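**Q** Submitted below is the structure of interest, expressed as structure tokens.
Computed from the coordinates by the stated procedures, all read-outs in this text should not be read as laboratory data. No experiment lies behind these values; they were computed from the predicted model shown. Note that each Cβ is placed from the backbone with ideal geometry, even for glycine, and that neighbours are counted across all protein chains shown.
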Amino acid sequence: MSAPPQTAGEPITDKKQLIAKLEAGCKPPEAYRIGTEHEKFAYRRADLKPLTYEGPGGIGELLLALQQFGWAAVHEGEKIIALKRASASITLEPGGQFELSGAPLETLHQTCDEVNSHLDEIKQVGEQFDIGMLGIGYQPKWPRDAIPWMPKGRYAIMKRYMPLKGTLGLDMMLRTATVQVNLDFASEADMVKKFRVGLALQPIITALFANSPFTEGKPNGYLSYRSQIWTDTDPDRCGILPFVFEDGMGFERYVDYLLDVPMYFVYRNGKYIDVAGQSFRDFMAGTLPGLPGEVARIGDWDDHMTTAFPEVRLKTFLEMRGADAGPWARICALPAIWVGLLYDGSALDAANDLIRDWSHEDHLRLRAEVPRTGLATEFGKTNVLDVAREVVSIARAGLKARGKKGALDADETGYLQILDAIVRAGRTPAEELLEAFHGRWGGNVDPVFEELAY
């Protein structure tokens, strides 16, 4: 989630300003970039317990130590809660999950170089403090009340509000981790097409990357429990957006959706003001009950956009949000499949043809069943595995057509190899973990901290 928000900017006097904010994301294909974000759980190697923020070897010290690599501290009050370097940042999720929000890069080769550089820095600091990093979609061992909260004001507001809207919101905050990619669009029509493909195929990606089968040391009955958790977090701001597939979808329609998403906070003078459940429309009118007389500014809109959590999120780019976090070798595969699908015109057309006739009921069924049954989920006369094979094939063709050369590679298709192996075997990563748990791990989840460590 975001570092402290910025509230500078002009007052919002017309909805057209909000539409223009999204329109400003349009750019020619030669300016398209790839922004990859990935989260991981920090833990003490000595006892596999989570890190507190304070104290020796805590997250505060970890952030301080990472500054040796040129990262600049971002403070909230007196505490470091994020780091910035050029166009990239390191931020903290509520339970101390470390997130690298990567710079917008031109190729997947550059993305993986960035990932590997981050790994090297994390490993150096980890050795200093005897800290490990775990790549998995849901914390496999710790109970929720054992996880320390990070000292960020927005999290305190969300902590109070989440239980009012669903039963699993606090688990989402403290015990989930994801990898996502942010991608560009050329026009409003291109955005709509990519949004529809992204939203429809998100359950297929969830199945391919399913990697969260344990809760508190035992199998939880799901392959992607992280994905399941989002179904009972907050219906006002999560899930599939049926209007995306309707006539009239565009920037204005998404703005209308966001205006109806209840607020969490307003940031003023270095402090978060709790306005959870109140209306941004009232804020624009100067009648917000929690801040009477104050009028929303463009910076407030930027903050508000970060508090909606659909499976695909629109800003001045599109965020693909359906994948569980995983081990280092799997990170580059997530941007690879989406870049292959969305950044080549022929591949995008093929993906759009694939999902064109899927009904709203199809979307709902996939969203409901994939977290439990993954690639084996039945879908019409076939199953998700067959769809996934076709999706990976389309993505490969898209990456080949892009023809982006690396130092040792003719194109970017090599980053799909790990997904090739998954669809060839027909088994999700979570099923591999479950087999290990019931077999060579002897019913003990602790080995996951070694096998999926960065």
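**Q** So, in Å, what gap is there between the alpha-carbon centers of the stretch 347-422 and the stretch 91-128?
**A** 26
**Q** Let me ask you something else. Sorting check: for 316-324, 38-46, which peptide has the highest mean count of neighbouring beta carbons within 10 Å, and how do the rest follow? Don't jump to the answer; show the numbers that get you there.
**A** Values: 316-324: 23.7, 38-46: 21.3.
Packing proxy ranking, top to bottom: 316-324, 38-46.
**Q** Measure up LYS79/LYS165; LYS84/LYS141; LYS27/LYS400; LYS152/LYS315; LYS21/LYS84; LYS159/LYS193 against 26 Å on the Cα-Cα distance and list the ones that go over. It would help to have the intermediate numbers written out before the result.
**A** Numbers: LYS79/LYS165 30 Å; LYS84/LYS141 31 Å; LYS27/LYS400 22 Å; LYS152/LYS315 23 Å; LYS21/LYS84 24 Å; LYS159/LYS193 35 Å.
Checking Cα-Cα distances, LYS79/LYS165; LYS84/LYS141; LYS159/LYS193 exceed 26 Å.
**Q** Does the stretch 321-411 classify as rounded, prolate or oblate by the C-alpha gyration tensor (a ≥ b ≥ c root eigenvalues; a/c under 1.5 gives rounded; else a/b over b/c gives prolate, otherwise oblate)?
**A** On the way: a/c = 2.55, a/b = 1.51, b/c = 1.69.
In terms of gyration-tensor shape, oblate.
**Q** Assuming a ≥ b ≥ c are the square roots of the Cα gyration tensor eigenvalues, decide whether the stretch 1-105 counts as rounded (a/c under 1.5), prolate (otherwise, with a/b larger than b/c) or oblate.
**A** Numbers: a/c = 2.53, a/b = 1.87, b/c = 1.36.
Judged from the Cα gyration tensor, the stretch 1-105 comes out prolate (a/c at least 1.5, a/b above b/c).
**Q** State, as an integer percentage, the relative contact order of the stretch 174-256 based on alpha-carbon contacts under 8 Å between residues 6 or more apart. All intermediate terms of the calculation are to be shown ahead of the outcome.
**A** Numbers: 42 pairs, mean separation 23.9, N = 83.
Relative contact order for the stretch 174-256 comes out at 29 percent.
**Q** Now for a separate question. In nm, to one decimal, how far is the ARG144 label point from the ALA401 one, both placed 7 Å along Cα→Cβ?
**A** Here the answer is 4.5 nm between the modelled labels.
**Q** Apply the Karplus curve 6.51 cos²θ - 1.76 cosθ + 1.60, θ = phi - 60°, to the phi angles in the stretch 263-277 and return the couplings in whole Hz, x for Gly and Pro.
**A** So the Karplus estimates, Gly and Pro as x, are 6, 10, 8, 10, 9, 9, 6, x, 10, 8, 9, 6, 10, 4, x Hz.
**Q** For a quick check: with amide H placed at 1.01 Å from N, whose amide H comes under 5 Å from VAL74's, ignoring anything fewer than 5 positions away on the same chain?
**A** It is ILE81, ALA82, LEU83, LYS84, by chain and number.
**Q** Below 8 Å between Cα atoms, with a sequence gap of 6+, how large is the relative contact order for the chain in percent? Each step should come with its number before you reach the end.
**A** Numbers: 878 pairs, mean separation 96.4, N = 454.
After rounding, I find 21 percent.
**Q** When the convex hull of the Cα atoms of the stretch 125-193 is projected onto a plane and the area is averaged over all directions, what value comes out in nm²? Let's see the in-between values first.
**A** Values: hull surface 33.1 nm².
That works out to 8.3 nm², a quarter of the Cα hull's surface.
**Q** With a ≥ b ≥ c taken as the square roots of the eigenvalues of the C-alpha gyration tensor of the stretch 15-448, please select rounded if a/c is under 1.5 and otherwise prolate if a/b is larger than b/c or oblate if it is not?
**A** Numbers: a/c = 1.32, a/b = 1.03, b/c = 1.28.
Rounded, since a/c falls under 1.5.
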